[in-house]
Amino acid sequence: MTEEKDYQKILASVQKPVEGEAGKTGSWSTIKPKINLDKCIVAKMEKNVCHFCWLYCPEPIITRTIPPRILYDYCKGCGICVEVCPHKAIEMVEESEL
Amino acid sequence: MADKVKLYDIEDEEYMLAGNRMCSGCGLSLIYRIALKALGPDTIITVPASCLTVLHGMQGFTSVNKISVLNTPFETVAASASGIASALEMMGKGNEVTVVAFAGDGGTTDIGIQGLSGAAERRTNFIYACYDNEAYMNTGVQRSGSTPYGSHTTTTPINGKREHKKNMPRILEAHDIPYVATSCASYPLDIYAKFKRAKEIKGTKYLHILSPCPPGWGYSTQDTIKIGKLSVETGFWPLYEIERGKFVLSHPSNKHLDPSKRKPIEDYLSVQKRFSRLSNEEMEEFKEYVKNLWDYIKKRVECNTQ
Amino acid sequence: MNASEEYEIMIGNHAAAYACKGAKVQVVAAYPITPQSPVVEKISYFIESGELNARMVRVESEQSALVACVAASATGVRTYTATSSHGLMLMYEILCWAAGNRLPIVMNIATRAVGAPWSVWTDHQDAFTVRDTGWLQMFCEDNQEIYDTNLQAFRIAEDPCVYVPTLVSYDGYILSHTFMPVRLEPQSRIDDFIPPLKHHLNLGDMNVVKGVCPVTTPHVVKREEGTAPGYYEFRYSLQRAMEHSIEKVVEVHDLFAEKFGRSYGNGIYKAYKMEDADIVIFAVGSVASESRLVIDKLRAKGIKIGLISLKLFRPFPAKHLREVFKDIKTVVVFDRDVGYGYEGILFTELKSALYQLKNRPFIKGYIVGLGGRDVKADDLINGVLRTIELEKKNEYVEQTEFIGLKLDELDFLKKGGKVENGR
């Protein structure tokens, strides 16, 4: 078989999945949510009892783990987790204070 | 009707990947993240020109994992779903793969309504999900058929929109499809439950999900959940399901047939810049809209028992 | 089997439908429009009677028809649609989308004038208007040619060297609704000729997950995970594939001729009495058919005239046409279409192809038969004779000339006449 020409290799525009397609979106904001583990009910009880921050986060960047973790590389800093936390365990801080 | 879902029922796997192009605090981003968890990997989604195109990323690389997606021009998403569904049937995969058309309010209530009506009338086996951020957000907040009365947009810059929002779920209900439901970004458990239910039903399923938009509506990113909840709690955006003709209000809208259980509409309107110039008369008009909406819902609920 | 059993008498639209049945199309999506409708009516019958295992998406518009074909094709099945005129105009956006995604969809156009004003009769304006959308385009002169070209079209469009959607056009009414004998081939022989679809896109394969047709940038995207072409590279590729598809068109045509014993010139154009011709008519479809009569009549008068009936319009076979016309003295182009504000579209196309020739022929174009106005042999003969006269005087006429206009029959144009319902 003869080798395919360039135009035979560029057909429809298709994508494959990658993390960080838009880059490190954590750089979009200098203020970030910080979980106070003394107040976080999941951390305190060491049980899957809340995880509202995980549920309501528009991004897949908070883990449903004990304790919850935030992937700061990609956190856009919207602050929704601060608002939805029933235990007021999250506050927005300057990146330098993380 | 949808089963009650608890937080720990929700799929742990993330099909939407981190580091995507969605705006900070985007309601759609949350809707899509939860919807994909409910739909799972045996799904083909088709997407028209919209904010969702942005989420799906540029050439070569996408922020969506394990789920195939076909982009299609603005007005064509329902016909695109029809094509996918027909092809899958020919491949003998009509029952094992879920076909989803996921479009914004412009692509649904305006430019895409013909294709959607046709696909619904043909009983196409697919879920049509409309995320409604109440204007053409991706092109810069222009008025759509789904923009509410009084809302300031870039094409209603001085007077605000003079007409009320098109009631798309009612239009779809008139197609006698087996499942119509509304939801809102602020109720992820509700979204999850309704996508799960839609997936179980054969035929055309229509989900209309209100999607607060920080830049378009004029509020701070952290308030997305709060504002979406206010839309429901004030009775502006009732959550319900209509399965095979039976109308059922979802929590928390199921309390709102009693007007005293609804929060004042001012609570919802006053926290968004797009409504910041509403006059007293316009506020009264808005109240009238909500009243009429619930008068209809009351009659609609009563129909079930007849 | 005797000869009368081998042929069936049918209209052109049904010849197209039988070819789709033979090609075992899997998804058909179409919307009714005159004069295309009998194609999809026939295919609907094949499907409902069980003769064809396919899905018919009875969409609510032509735009949705082509969208459904695009999506079904991208999912991985063989797809087909047909339309005419306004239906094709409504599809315009999706024509570009299908080509840009390199989807091997086959479409028939029963050609028809484009309004306003309304006209349901034939001309070639609809087909030529979608010239630049990135589809292969072929024209037919009779019903057998429709059947045969459709069968070839699936094989060409689906060839991995091509992957370009393909339009096969034939004149509305003149072919679409005219009964002619058509030889239908046995299924097993068609199956041998058209291999199963091997698509480069296959959304229906759930093991290969991908996003299809996202936003592209002006740039090439480079990441650790790899590089991705920009819009420019995709569009270059479409153009190259189109250019190279000529070889495939010829190859498939020749293979078809060998297998089924029917050929259409060289697959690119059909030459008639060209051996000693020094004047040549250049046309497509119904105009080319009528021109055959013109050639015979003029040859009887001693004029050495021949015909090039163009079969392949896109990609435009410029090289092949230069070869044909390099020693020709005079060319007459009859366009059943107008590139408004300039001239006939075929005329422009041919002139541009012949520019590279050292000795360019004298060339003159005429507009004929818009909106189904009869194209009479005598009209075409007048065009040829006028061209010969102009050539003698070496006179170039700037204004587009319309043959067969009947302005003289309009009373209100006569001296003192008044425009009815006037301004």
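The values are calculated or read from the model by the stated rules, or taken from the named source; none is laboratory data. In this text the structure is predicted, and so the values were computed from the model without any measurement. Backbone-built Cβ (ideal geometry, glycine too); neighbour counts: all protein chains shown.
Within region C:108-152, being within 14 Å of another protein chain (Cβ to nearest Cβ) and either in contact with a Phe, Trp or Tyr (Cβ under 7 Å, 6 or more places away or on another chain) or β-branched (Val, Ile, Thr) (or both) holds for one residue alone: C:Thr133. Apart from one condition, B:Leu36 fits all of (1) in contact with a helix residue (DSSP H, G or I) (Cβ under 7 Å, 6 or more places away or on another chain); (2) among the hydrophobic types (A, V, I, L, M, F, W, C); (3) more than 9 Å from every other protein chain (Cβ to nearest Cβ); (4) part of a helix (DSSP H, G or I); the exception is (1).
Going by the structure shown, is C:Val130 surrounded by fewer than 24 Cβ atoms within 10 Å (Cβ to Cβ), of a type in the set (A, V, I, L, M) and modelled with pLDDT of 95 or more? So C:Val130 fits the description; yes. Do we have any residue at all in region C:248-257 that's outside any helix (DSSP H, G or I) and either of a type in the set (Val, Ile, Thr) or within 14 Å of chain B (Cβ to nearest Cβ) (or both)? There is no residue in region C:248-257 that is outside any helix (DSSP H, G or I) and either of a type in the set (Val, Ile, Thr) or within 14 Å of chain B (Cβ to nearest Cβ) (or both).
Considering each residue of region C:120-131 in turn, none proves to be more than 23 Å from C:Thr348 (Cα to Cα), without any contact (Cβ under 8 Å) to a residue 40 or more places away in the chain and either in the same structural domain as C:Val182 (by TED's automatic domain parsing) or not hydrophobic (A, V, I, L, M, F, W, C) (or both).
Within region C:203-220, the set of residues being within 10 Å of chain A (Cβ to nearest Cβ) and over 33 Å from the mean Cα position of the chain (by Cα) comprises C:Val208, C:Val209, C:Lys210. Could you list all residues from region B:154-193 that are surrounded by fewer than 16 Cβ atoms within 10 Å (Cβ to Cβ) and among the acidic types (Asp, Glu)? Passing the criteria: B:Glu163, B:Asp176.
Exactly one residue among B:Ile111, B:Ile127, B:Ile177 is modelled with pLDDT of 95 or more, closer than 27 Å to C:Gln63 by Cβ and within 14 Å of another protein chain (Cβ to nearest Cβ), and that residue is B:Ile111. Test each condition in (1) within 14 Å of another protein chain (Cβ to nearest Cβ); (2) over 21 Å from B:Pro48 (Cα atoms); (3) assigned to a helix (DSSP H, G or I); (4) among the aliphatic types (A, V, I, L, M) for C:Val25 and report the one that comes out false. Going through the list (1) within 14 Å of another protein chain (Cβ to nearest Cβ); (2) over 21 Å from B:Pro48 (Cα atoms); (3) assigned to a helix (DSSP H, G or I); (4) among the aliphatic types (A, V, I, L, M), C:Val25 breaks only (3). Can you confirm whether C:Ser237 is more than 10 Å from chain B (Cβ to nearest Cβ), in a helix (DSSP H, G or I), touching a strand residue (DSSP E or B) at 6+ places or on another chain (Cβ under 7 Å) and under 20 Å from C:Leu95 (Cβ atoms)? Answer is no for this residue. Restricting attention to region B:85-102, the residues that are crowded, with 24+ Cβ neighbours inside 10 Å and facing another protein chain (nearest Cβ under 7 Å) add up to 3. Considering every residue within region C:263-272, establish whether at least one is away from chain A (no Cβ under 14 Å) and without any contact (Cβ under 8 Å) to a residue 40 or more places away in the chain. Yes, the conditions are met somewhere in region C:263-272. Where strands (runs of 3 or more DSSP E) fall wholly inside chain A, the ranges with 1 or more residues that are basic (Lys, Arg) and within 7 Å of another protein chain (Cβ to nearest Cβ) are A:14-17. Pick from region B:222-279 the residues that are within 19 Å of B:Lys4 (Cα to Cα) and among the hydrophobic types (A, V, I, L, M, F, W, C): which of them is nearest to the other protein chains (Cβ to nearest Cβ)? Step by step, filter region B:222-279, then rank; the result is B:Val232.
Would you confirm whether or not region C:352-364 contains a residue that is hydroxyl-bearing (Ser, Thr, Tyr) and farther than 29 Å from C:Ala153 by Cβ? Yes, some residue in region C:352-364 is hydroxyl-bearing (Ser, Thr, Tyr) and farther than 29 Å from C:Ala153 by Cβ. Selection of region A:24-54 for residues being within 13 Å of the chain's Cα centre (by Cα) and free of Cβ contacts under 8 Å to residues at least 12 places away in the same chain yields only A:Ser27. The number of residues in region C:198-225 that are among the charged types (D, E, K, R), farther than 25 Å from C:Pro160 by Cα and assigned to a loop (DSSP other than H, G, I, E, B) comes to 2. Among the residues of region B:255-305, just one is loosely packed, with under 13 Cβ neighbours inside 10 Å and among the hydrophobic types (A, V, I, L, M, F, W, C), namely B:Cys303. In region B:39-57, of all residues being touching a strand residue (DSSP E or B) at 6+ places or on another chain (Cβ under 7 Å) and facing another protein chain (nearest Cβ under 8 Å), the one that is farthest from B:Asn125 (Cα to Cα) corresponds to B:Gly57.
Here is a yes/no grid of residues against (1) among the aliphatic types (A, V, I, L, M); (2) crowded, with 19+ Cβ neighbours inside 10 Å; (3) within 30 Å of B:Ile45 (Cβ to Cβ):
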{"position": "C:Val182", "(1), (2), (3)": "yes, yes, no"}
{"position": "C:Leu201", "(1), (2), (3)": "yes, yes, yes"}
{"position": "C:Glu247", "(1), (2), (3)": "no, no, no"}
{"position": "C:Leu255", "(1), (2), (3)": "yes, no, no"}
{"position": "C:Lys273", "(1), (2), (3)": "no, no, no"}
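When region B:128-143 is filtered for residues that are in a strand (DSSP E or B) and buried (at least 24 other Cβ atoms within 10 Å of the Cβ), the ones remaining, listed by number, are B:Tyr128, B:Ala129, B:Cys130, B:Tyr131, B:Asp132, B:Tyr136.
Screening B:Gly245 on (1) loosely packed, with under 14 Cβ neighbours inside 10 Å; (2) farther than 27 Å from B:Gly118 by Cβ; (3) of a type in the set (Gly, Ala, Ser) shows it passes everything except condition (2). Being within 14 Å of another protein chain (Cβ to nearest Cβ) and among the polar types (S, T, N, Q) is a description that applies to C:Thr75.
The set of residues in region B:58-67 that are facing chain C (nearest Cβ under 7 Å) and either touching a helix residue (DSSP H, G or I) at 6+ places or on another chain (Cβ under 8 Å) or in a loop (DSSP other than H, G, I, E, B) (or both) comprises B:Gln59, B:Gly60, B:Val64, B:Lys66, B:Ile67. If you take the residues in region B:68-84 that are under 10 Å from B:Val47 (Cβ atoms) and of a type in the set (Ser, Thr, Tyr), which one is farthest from the other protein chains (Cβ to nearest Cβ)? If we take residues in region B:68-84 being under 10 Å from B:Val47 (Cβ atoms) and of a type in the set (Ser, Thr, Tyr), then B:Thr72 is farthest from the other protein chains (Cβ to nearest Cβ).
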